[in-house]
Each structure stands twice: as C-alpha cells, then as structure tokens.
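Before any comments, here is the structure.
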Amino acid sequence: MISLSSIPSHSPAVVFRRINDEFLLIPLTDNIADMDSLYRLTETGAFIWELIDGELSVGDITSKIVEEFDVEKDIAEKDALEFFSKIQEFLQFREP
Amino acid sequence: MTVDIVIAGRRIRLQSEEGVTLVPDERFRAFAVPSDVNPYMFIDTAPGILADADPGSNYAVIPFMAGETDPDLVVDVEFGAGEIPAWAVKVFDARLMEEFPGGVRNSGEPFWEVFRDDEAVRTRVFLRDPERSAVLEMPHGKMQWRIFADTLHNAIDSRSPQKPYPTDHQPPDHSDNTSGAQPQSGPGHDNSGTPSVTEAFATEHMTQTSGDDKSRVHSRTGLTPDRHGSDLSAEDASADISDITVDPLPWPLDGLLLYFLFSRAGDIMIHGSGVVAGGRGWLFTGRSGSGKTTLAGIFDGADDRVIHDDRLVLRREGGRWVMHSTPVYRNDEPRTAPLDHLWVIRHGAANVSEPVAGAEAVAMIMANCIQQNWDPEAAARMAAAADDLAASVPVSRLSFLPDGTVRDYLLLRATDDKTVAAGALLEMLDGGHAVTVTAGGYSMWPAIRPGDTVVIAPCGTSLPEAGEIAVLRRDGGYVIHRVTRVISREGVLLICTQGDAVTREDEPAGTAMIAGVVRKIIRSGMEIHQHRRLLPRRVNRLAAYIASVLSGYSR
C-alpha cells in the first residue's frame, strides 16, 4: 500500500526518456505478448517523475508539487497517491 | 566462400569455410554485391545530383562504384545446430503471430527466442522442421557474429513470407523504363550488374524443388560445380561437410539479424510504406490493417516510386533522415530516398492530416518500430532515434479514403509556396518594419507551436542576446531559432543558434544573417508567457495512457 511515507524509486524494468515537457516510459519485457504499450507522462507527471530519486517520499514530493503549482495540499496528496498507484508498475517502493 | 549483402547501406559479409556453399534465398538477390565494390555511396540527396538518379526525382538508384569495402558486419556461417549454453538466460520469447483479417494473434507456437550470458547474445529460431533450428550468436561488443544455419537451402521454411505475393505474381513493378540499372527478379533472370554473386541465389523455381532437381540448383549456382554431386539431398545433410549447401539467412533469422544490426547502429526498422511523390519522400506507418499496402498501391498506380510497402530502415545520414527498402519479398531491391514527412495512418471517412509533435509523435513512431524490449540499451537507443526523427521530420496523423484522393490531398498540401512569403518577410524586416507570421514547424517546440502567431521586430543595429529567439536568413528562406551564445572568432562576431526541440546547434551565423528578433508569441489569441506554469485541474490527469499496440514483432 502506497502511503505518504513510501519512498519511490524508478524500476530498472522501465526505460524512460524526456521529450520536451513530457516523459515516455518504455516497459521492458521478456515476452512478445506483453509488449503492447508505451506510457506517456504529461508535463506535471514528468515533474513528479524527475523528483523520484529513491530518497524523497511521496509526502516530500507532494510538498514540492504544492510549491511549484497553485494547488491545495490535501488535493495534491490525494492526486499524488492516485498517480503513484497508476504508475506503480514502473516504480519500486520502500518504507523509511 | 563469401557473399556480401548490402541493406540500407550496411554491408553484411557472410562467409563460410571451404566446402560450405552459401545460397541465400531469392529475396536477397538484388541486395548481394561483389565484395570489391561499394554499392552505396550517397553523394547528395538533392534532385538530379545522383549519378543514376531518375530525372526529376530525388530517388537514387543505388550506384555501383568502386571504393571502400569494409563490411559493417561479418557473419561466419556454419552448418549444424548451434548450442545455447546451459547457463545463458532466456531474455525474450516470441511465439508465432498469425495474421488474420483484422489483425494479428498469438498462435502459441514457438517461433524465436533470445538468450544472454557474459559472452554473447544468442537468438534461436525454430524452422518448420521441428528437428531443426538456426542460431545467431552475437558476442558482446563485436561485429563478427556466427550463424549456425542448420538448414539446407532447399529446406527453406514454408512459413517464409510468400503469402502476399503468390509464386506467379509480380508485386507492383515500381521500376520504370528510364532506369536501366534495375535488377529484375524472376526465374533464371541474370542480374547483369552482379553476375558472380547473384548467380549463387536460388531462383524461385529452384527453391520450390526438392530432391531430384537439386543438381540443377548446383549447376545454376556456378560456384562450386566440382564439389556438388547431383545426389545431395536433405537426408544427406550430415554425411559429408564437403557437400553442404546452406541457406545462411533462413527466415525469420534474417529479420532478426537485421534488427540487431540496425538497432546497434541506432537506426530504426519500421513497418510502413515509403513512397516518393512530387519529389518528396513520404513514409506511411501504422498497424496491421491500417492501410499501408492500400496507400502503396495508390501511389504505385499513379506512377510514383514505391521504396517499399512493408518494412523499411530509417537512418540519419548527414543532415537528414533517409528511408531504405529491406528484403522481404523475392523481387525486392535496394531503394532509397530522403524522408520528408512521416504519417501514422488509419482508414477514415475523409482525408485529414493533423500534425503531432513531442512525446506523442515519438510514441507513435515507436509503436510501429520493430523492437525487442528486453534490452534497456536497445530500447533507449530506439527512443533516442525516434526522438531525433520526430524533431527532424514532420510527423502527422493521417486518416484517408482508400479511393486515391489522398494522393492529391497530400500533394496539394505540400505545394504551398513558402518561398515568396519568406522573401516578403525579410524585405519588411530590412525596411525596419515589424512583421507577424504564423509558425509552421516544430523546431522551437514547445516555445513556439505550429499555428502560433509570432511577432518579429527588426533588430536594427543591436544584436540579439543569448536566450532570445532570432530570425535568421537561410537558403532563400528563414528559420526562427533561439540564440544560445554570441562568440567572437578571429575578431568576427558569430551568433550561435539552436531550435529548442533540435538536438544540434546550427552553424554559427554572421551578424548579417540576423533578420529580426521574436518579440511576442500569441497562441489562441493570448500572448504566451514563457515561464508561467499552469496547473491542470487535477494532478492525476498527468498519467496519460497510450494504448498503442506495438504490432509487428513477429516479422
């Protein structure tokens, strides 16, 4: 379960590339049948993706979202948790 | 013996020990060259400059010229089953994908697989005969590979791609009468340009024969007549090494070898139809069933040149991207043209072309590339190449009607006369007037997007500073790029510029080349403030999902 204290890092099973304001995520696979999707992070997703460094927690990242964008903390937390759960196949989490 | 095959300008040297005769399949016939000439010297891509170019087109018949002959890749072909070491890790497993009307499905049947260990990457393909498989061994960091081709040339897999063009069918004949250098395929046809090697290629008739006709194959090869008895048959394969005749690139090993070769070089292998129409190189890519073949047929029917209608290699060559044919069908031949526009296609109710850019364009290109996403380095190289391609060549989404009107639509779209407008703009700036233009390109994405209104002021005697966006005179037109720095070289001030979305800096320009400076960018009626970041209403909109089915791995 991802919480605000969870610390995300990028999974080695994904290759990513910044393209202008966005990120393209390419999942690695060992099987042709699983190789059917690329993922695209829009500008705000890219902002979060770049903050993921294996040190900052979901809560730390949320604070930076609030600093960067005009959004209230509780909304940012809820959205950040939802976002992390959506892209969790590209992440590894540890608890502090 | 040695056989050189040149595909997309990359020379593959197949070599075998004495006693093993290499007989590649018919589809490589036009790609084989004598090993002491360089068939691929790309002089220039402008119309009319190429030695053997068709008049009025920038398509090049690959000129045969003496020169550098070092191969890009050497492959030692051995007869016999290749071993996969027990400790090698299987990193990829591909099952046979079957095409059916409306798409592709997984048959579950083993097709090919990739293994990796500390020494090498190895790929094994399963041929029709369950007792036979072929192995390609690629030692890390070396461009000398090995193929264990456990297949006689006439045991060629019946699954090889012959379906689209039945035996007696000539695919659309893209050649014309003005270029006499076109090799023609067909049983017994001599390719006068490459007599000694192409004779080694089994003709269509020959590959269909069995047992009794084999002596004819050997006499037709003309290469090792003394060693070949007429009694050779598949059952004798292991009897005597001196009597071995091998297909060095049994399908689908050929496509895998090409994938690994081009992937390592940073090239792109893509499913699509490439054509040259109105002097422009266009590539249409899309999923199976999206209309690639239909489009190739439309352009072919209008006497445009079709580069290839199934699988192409895209390479950055010098300053631009170039598309090349690859051997898929038995009468394929080397064809190449600079790439001016890439469309991702689908059937539609009208002809509509819409530009796409950035990550979306890169994703759309990658979704149609031939790839194996087990290797992070290969995936990163492909993404980098697709990024460069999307930043260099316009990418659009095209829906089209299958009735042929799409050709006129695209030609009309491409012939706006921009030169006149550019001349007028530069004249206005020189006269001290501010001008307003509508942006059309992507090189400054996302600061300036196609359709933005850009207000340009003359710069008079002052020079633009680093960070400002300048208008530079270029080749009778102009470009709008950002100033990166101003340098002094031998007392002369030079302005260095670069498009925001371009990975390379432009040639430094003298101050006389600066025509103006961008003062305002207006988008949808609003002046754009460059550094303001707008918050999406909900943060979780950020995870946009692209449901791109990456088709085409099976081939």
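When you count the other C-beta atoms within 10 angstrom of each residue and take the mean per peptide, B:490-497, A:11-18 line up highest first as A:11-18, B:490-497. When only Cα pairs below 8 angstrom with a gap of at least 6 residues are kept, segment B:266-414 shows a relative contact order of 27 percent.
At each listed q (0.13, 0.16, 0.24 Å⁻¹), what is the log10 of I(q)/I(0) that the Debye formula gives for segment B:373-473 modelled as equal alpha-carbon point scatterers? For the requested q values the scattering log ratios are -0.74, -0.94, -1.33. Which part of segment B:439-468 falls in the paramagnetic zone of B:I528, meaning amide N under 13 Å from the point 7 Å along Cα-to-beta-carbon? Hits in segment B:439-468 for B:I528 at 13 Å: B:439-455.
Let me make sure I get this right: for segment A:1-52, a, b and c are the square roots of the gyration tensor eigenvalues over alpha carbons, sorted descending. Under 1.5 in a/c it's rounded, otherwise prolate if a/b > b/c, else oblate. Which is it? Don't jump to the answer; show the numbers that get you there.
Numbers: a/c = 2.40, a/b = 1.26, b/c = 1.91.
The shape class here is oblate.
Per-residue ellipticity at 222 nm from helix content only, as computed over chain A with -39500 (n - 2.57) for each DSSP H run of at least four residues, stands at -11000 deg cm²/dmol.
Can you give me the relative contact order of segment A:7-89 as a percent, contacts being Cα pairs under 8 Å and 6 or more apart?
Values: 88 pairs, mean separation 21.8, N = 83.
Reported relative contact order: 26 percent.
If you look at the Cα atoms of chain A, you get an Rg and a Dmax of 13.6, 43 Å. Averaged over the residues of peptide B:348-361, the number of Cβ atoms from other protein chains lying within 10 Å of each residue's Cβ is 2.
Highest mean first, how do A:79-92, B:334-347, B:313-326 rank when packing is the count of other Cβ atoms within 10 Å averaged over residues? Mind dumping the intermediate values first?
Numbers: A:79-92: 18.3, B:334-347: 22.9, B:313-326: 20.6.
Ranked from most to least packed, the peptides come out as B:334-347, B:313-326, A:79-92.
Applying a DSSP loop filter and a limit of 15 other Cβ atoms within 10 Å to the trypsin sites (Lys or Arg not before Pro) in segment B:437-508 leaves B:R504. Working from the Cα coordinates of segment B:418-524, the gyration tensor eigenvalues give, after taking √(5λ), semi-axes of 21, 17, 12 Å in decreasing order.
Readers should treat all values here as calculations from the given coordinates under stated rules, not as data from a laboratory. Quick caveat, the model's predicted, so the values are computed rather than measured. Methodologically, a virtual Cβ is constructed for each residue, glycine included, from the backbone with ideal geometry; neighbour enumeration extends over all protein chains shown.
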